[in-house]
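Asks: Before we start, here is the structure in question, set down as C-alpha cells.
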Amino acid sequence: MEHHSEHQPDELKRDILIYITIILLLGVILLISHLQLHILGIFLIVPIACIEAGILGFYFMHLMTKKRTVHLLLLLTVVVFVTLLFWPAWDIVYSPRTPSEFTTY
Amino acid sequence: MIGGLLMVSSFFLPGGPASNGWTSYSPLSDISHDGQTIWLFSMAIIIISSLLSSLNFIVTIFNLRAPGMTFERLPFFIWAQLITAFLLLLAFPPLEGAAFLQLCDRLLGTSFFLPTGLYVNGQIYHASGGGNPLLWQHLFWFLGHPEVYVLILPALGIVTEIIANNTRKPIAGYPMMRYSIIFLGFLSFVVWSHHTYLTGMGTDITAFFQTTTMIISIPSVIIVSTLFITLWGGSIRFNMPMLFALAFLPMFGFGGLTGLPLGLAATDIPLHDTYYVIGHFHYVVAPGVILGLFAGIYYWYPKATGRMMNNILGHLHFWPTLIAMNFVFFPMLIQGLMGVNRRMYDGGATYLFAHDVLFWNVVISWAAWILGLAQIPFIINFFYSMNHGEKVHSDNPWHSTTLEWATPTPPGHGNFTKPIVVYRDPYSYSLEGAPKDYSPQDQKEI
Amino acid sequence: MHETHETEEFIPYIVHPREDTGLYNAKFGIWLFLASEVMLFGSLFSAYILLRVGSFSWPVQSDIQNVPIGAINSIVLLTSSIFYIRAWVALKADDVAKYKKFMMLVILFAFIFLSLKGVEYYQHFSHGEFPKTSVFLGLYFLMTGLHALHIIGGILVNTFYIGPGMKMYSINKQWMINRVEVAGLYWHFVDLVWIFLFSTLYLL
C-alpha cells in the first residue's frame, strides 16, 4: 500500500481511519453483548450497528457525494423497510390472540 | 419464461400443482404436496425477473429521457409505469423472502410458519414448532397489496392516454394526477393488513390500517374523477380504444366503491372471504384492468403493425364483453352479501342461508360462456388485421401528441430515427393559435 | 461488446453521468438493486423480529453461536471492502497490476470468510444443531446462507472483472472503472448486511 495514487493520498489515510473506527465500534458492541444487558443491550447494539453501517455507506459507498436521486431513493427504501420491520411484530405483540409475555391483557 | 415454464410444469407432477389458493396460506401450504415447492421456486425466479425489468424501467425513465423531457412533461402512462416499477422493486422482495422461508419449511423441516401443537387430520403434526402462520400472511400481503396497484396503474395510464387523445383536449388538472399517483404508490405500502382483519388483530393496528385504507381511496378517486372531468367539453371521438376507455371509467369506479365496505374493518367482518370479495376484485381487474389493456391493444396496434384493427369485429368484441362482465360479477356481490363463502367445494349448496341466491350461479355461468365467446372476434381480429387490416397512411393515425407516434411504423431498434427534443406538455391538444388540434411534443412550432 | 463507442452514442450515459441525476445508468441501477436487496433481507429481519417477540422462549444466542469466529469474519469482510476501494483507486490511476493484486486479495478474503462460515456450520451440525432444531437456528442458517450466496455471486463477478472482463478496460477505460465502482457498491452492501446479521444473530 506504499505506492498509492498521487491523486488520493489523503483518501487512503481517511479510509484506514474509517476502517479502524468501524472495528472499534465492533469491539464496543461485542463488549455490550458480553455484559448481557438484555433489553437495554438491544437498544444500544442496534443503533451502534446502524452507525457502523452508516459510516460504511457514507464513506466507502461515497454516499456523501451522491446526488439527490440516490438520497431520495434510499429515504423511500428506509421508510418502507422500517414499516416492514415493525408492523407485523406489532400485530403479534398487541393482539388478543397470542398470549405473550408482553401482552398485558 | 423459465419461471413460467417451471410453474406450468408443476401441472404434470403426480400430486398435481399447488392447490393452496393463490395466497398460499400456511400451514396448509407448508405441508401440502410437491406442487407447492415448484410454485415457490418458480415464484422466486419470476420475482427476480420482475425486479430486473423494474430496474430497467426506472433507470430508463430517469436517465434516458430526451432533452427537454422534464418529469412534468412525461405522459401519464410513463408516470404510471414508473410508480409501478418502484412498487415492484420494493414490494416483491419480501415475498421472495417469504418464499425462501417456506421452502425451508418444506425442504429442511424448519417451522417458520408452523405453530407448536399443530393437528393435521386429527393427529399431531411433527414439526419443531415455534412458528407463526401470521408471519406468512404479513409477508405475503406486504407484496399482495402493492401488487394490485401494479395491476391497475398501467391500465390507468393507458386509459388516460386514450381519453386525452380522443377528447382532443388536455387532461384536466394533470399535475394533480401526478401527485395523486405518487401518493398512491407510497400509501400502497402501508395498507396491507386490511387483508388480515379477521385474524384476530388488536384494535390499534386494525384502526391504523383502516385509516390508511380509507385515505388511499382518495388518490384513486381523484384520478378517476379527473378523467371524467376531462370528458366535459371535449370533442369525443368514439373509436374502439375510446369505447374501451370510456367503459373502464364507470366499471373501475364501481369496483372501487365496492371495496369501501371491505376496507372498513367492521363491515369486513361479514364480507371477508365471501363472494363479495370476489365480485369486488374482479370488478376492478376484469372490467377495470382488462378493458384498459384491450383499449391499449386497439390503440397501439396501428403503431406496431401499420394497420388498424377491424371496427365491426371490435364492436362484436366490446359490447358482449362489457355486458357479460357485469352479469358475471355483479351477482357475486349479491351472493357475498348473503354470506356465500369463497372456496367451498360444493359452492355453498349445503348451507341454508345460501339457497336463495345460488340460482345466480346459472346466470353467472351463462354470462361467463358468453364472455368467453365474445373474445373470439378479438382473436380473429388480432390475427386477421395483421395482414388484411386497413392500412394507416401516417405514423400518427390517431393524431396524438406523445412521442411514441414520432417513431417509424413499426419502430425499429432504438425507436427513433432522428434526435428528439421535447418542447411542450404531453397533452397539447387544441392549443390556442395552433394550426391543428394537436401539437406533438417534439415539434418546435406550436 | 466491441462497439462500445457506437453504443455510447446509441444509448447515452453508459459511461458518463447525466447532468440532472448525476448518475450514469449502471450506478443508478445498482442502487435500485441494492434497495430491493434491503427489502429482501428486511423481510427476513422482520420475520426474526416477529418470531422472537411472539415466542415464549428464545435461546441465548451467544451461547449457541461462535462469537469469536463471527467477529473475525466481520473483520475479514471489512478488510476486503478496503481492498476493493484500493483496487478501484488503482484502476483509476491506470495501475492495472495493482488493481489485479487488490482484487485477488478481495477474492481471497471472500474465500476466507466462506471457509470460516463453513467451519461454523460444521460445528453446529456436529452438535446436532440443524435448521429444523429451532426457529432461531432455522433463521440463522437461512439468513447467513442467503448472505453466503450473495458472497459467492460477488466472488464470481469479481473474478470476471480480473479475468474476461479485462477486455472492457482495453476498449474504454472509464467504462471499466465505472463497472468496478458499481461492483464495489454491491460488495460494500454485502459487508453492510453482514454487520447487521452479526449483531442480530450473534449478539442480541
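Asks: Taking the 0 to 90 degree range and rounding to the nearest ten, how far is the long axis of helix B:76-108 tilted relative to the main principal axis of chain B, both from C-alpha atoms?
Replies: Once rounded, one gets 20 degrees.
Asks: May I pose another question? Hey, if you put +1 on the Cβ of every Lys and Arg and -1 on every Asp and Glu Cβ in the protein assembly as shown, which of B:SER29, A:VAL28, B:PRO435 ends up farthest toward the positive end of that dipole?
Replies: My answer, from the dipole projection, is B:PRO435.
Asks: Can I ask one more? Of B:VAL191, B:ALA265, B:ALA406, whose Cα points farthest to the positive end of the dipole of chain B (charges on the beta-carbon: +1 Lys, Arg; -1 Asp, Glu; origin at the Cα centre)?
Replies: Most positive-ward Cα: B:ALA406.
Asks: Something else now. Could you let me know the centre-to-centre spacing of segment B:2-71 and segment C:33-85, using Cα atoms, in angstrom?
Replies: Comparing the Cα centres of segment B:2-71 and segment C:33-85, I get a distance of 26 Å.
Asks: Determine the dipole magnitude for segment B:238-392: charges of +1 sit on the beta-carbon of Lys and Arg, -1 on that of Asp and Glu, nothing else is charged, the reference point is the Cα centre, and the result goes in debye to the nearest 20. Mind dumping the intermediate values first?
Replies: Values: 5 positive and 5 negative charges, 106 e Å.
Once rounded to the nearest 20, the dipole reads 520 debye.
Asks: While we're looking at this one, here's another question. In whole Å, how far is the Cα centre of segment B:90-137 from that of segment B:302-351?
Replies: Rounded to whole Å, the Cα centres lie 36 Å apart.
Asks: Using a Förster distance of 35 Å, how high is the FRET efficiency between A:PHE86 and B:VAL120, based on the Cβ-Cβ distance and rounded to 0.05?
Replies: Values: r = 32 Å, r/R0 = 0.92.
Rounded to the nearest 0.05, the efficiency is 0.65.
Asks: Kirkwood Rh and Cα-based Rg: tell me the resulting Rg over Rh for segment C:1-146, rounded to two decimals. Present the calculation step by step, with values, prior to reporting the outcome.
Replies: Working: Rg = 21.1 Å, Rh = 19.0 Å.
Answer for segment C:1-146: 1.11.
Asks: Sequence gap at least 6, Cα distance under 8 Å: using those rules, report the relative contact order of segment B:238-392 to the nearest whole percent.
Replies: Numbers: 202 pairs, mean separation 47.3, N = 155.
Dividing the mean separation by the residue count of segment B:238-392 yields 30 percent.
Asks: OK, next. Ignoring solvent entirely, what values of log10 I(q)/I(0) come out of the Debye formula for chain B at 0.07, 0.10, 0.12 Å⁻¹ when each Cα is a single scatterer?
Replies: Summing over Cα pairs of chain B leads to -0.41, -0.83, -1.17.
Asks: Amide H to amide H, which residues 5 or more places from B:ALA172 or on other chains are under 5 Å from it, using H placed in the peptide plane?
Replies: Residues meeting the criterion, in which the H sits 1.01 Å from N, are B:THR230.
Asks: For chain B, what's the relative contact order in percent, using C-alpha pairs closer than 8 Å and at least 6 residues apart?
Replies: On the way: 673 pairs, mean separation 63.1, N = 446.
Reported as a whole number, the value is 14 percent.
Asks: Just report the Cα centroid separation between segment C:151-204 and segment B:268-283, whole Å.
Replies: 48 Å
Asks: Suppose we flag GluC sites (Glu not before Pro) only when DSSP calls them loop and at most 10 other Cβ atoms lie within 10 Å. Which is the longest uninterrupted stretch of chain B? Walk me through the numbers before you get to the answer.
Replies: Numbers: sites that count: B:GLU432, B:GLU445.
Between exposed loop sites, the widest span is B:1-431.
Asks: Among B:ILE376, B:MET308, B:SER365, flag the residue with its Cα farthest along the positive direction of the charge dipole of segment B:238-392, charges on Cβ as +1 for Lys/Arg and -1 for Asp/Glu.
Replies: B:MET308
Asks: May I pose another question? Percentage of Cα-Cα pair distances in segment B:1-66 greater than 13 Å, rounded to whole percent? Working shown, then result.
Replies: Details: 1433 of 2145 pairs.
Result: 67 percent of Cα pairs exceed 13 Å.
Asks: Under unit Cβ charges (Lys, Arg +1; Asp, Glu -1), what dipole magnitude, rounded to 20 debye, does the protein assembly as shown have relative to its Cα centre? Spell out each step's value before the answer.
Replies: On the way: 35 positive and 42 negative charges, 167 e Å.
So the magnitude is around 800 debye.
Asks: Related question: Just want to confirm a number: the relative contact order over chain C, from Cα pairs under 8 angstrom separated by 6+ residues, in percent.
Replies: Numbers: 154 pairs, mean separation 60.9, N = 204.
Reported as a whole number, the value is 30 percent.
Asks: Do any chymotrypsin sites (Phe, Trp or Tyr not before Pro) in segment B:337-446 lie in a DSSP loop with no more than 15 other beta carbon atoms within 10 Å, and if so, which? Walk me through the intermediate numbers first.
Replies: Numbers: sites: B:TYR345, B:TYR351, B:PHE353, B:PHE359, B:TRP360, B:TRP366, B:TRP369, B:PHE378, B:PHE382, B:PHE383, B:TYR384, B:TRP398, B:TRP405, B:PHE416, B:TYR423, B:TYR427, B:TYR429, B:TYR438; in loops: B:TYR345, B:TYR351, B:PHE359, B:TRP398, B:PHE416, B:TYR423, B:TYR427.
Hits after loop and neighbour filter: B:TYR345, B:TYR351, B:PHE359, B:PHE416.
Asks: Quick one: helix B:291-305 against the long Cα principal axis of chain B, what's the angle to the nearest 10°, folded into 0 to 90?
Replies: With both axes taken from Cα atoms, the answer is about 50 degrees.
Asks: Give, as a single signed number, the net charge of other residues whose beta carbon lies under 13 Å from the beta carbon of A:ILE55, with Lys and Arg counted +1 and Asp and Glu -1. Walk me through the numbers before you get to the answer.
Replies: On the way: positive: A:ARG14; negative: A:ASP15, A:GLU52, C:ASP191.
Summing Lys/Arg as +1 and Asp/Glu as -1 gives -2.
Asks: So if a site counts as exposed when it's one of the GluC sites (Glu not before Pro), its DSSP state isn't H, G, I, E or B, and it has at most 15 other Cβ atoms within 10 Å, what's the longest stretch of chain C without one?
Replies: C:20-204
Asks: Name the chymotrypsin sites (Phe, Trp or Tyr not before Pro) in segment B:1-36 that are in a loop by DSSP and that have at most 10 other C-beta atoms within 10 Å, would you? Walk me through the numbers on the way to the answer.
Replies: Working: sites: B:PHE11, B:PHE12, B:TRP22, B:TYR25; in loops: B:TRP22, B:TYR25.
Those that pass, being in a loop and sparsely packed, are B:TRP22.
Every number in this text was worked out from the coordinates using simple rules, so none of it is lab data. Computed from a predicted model, the values in this text were never measured in an experiment. Note that each Cβ is placed from the backbone with ideal geometry, even for glycine, and that neighbours are counted across all protein chains shown.
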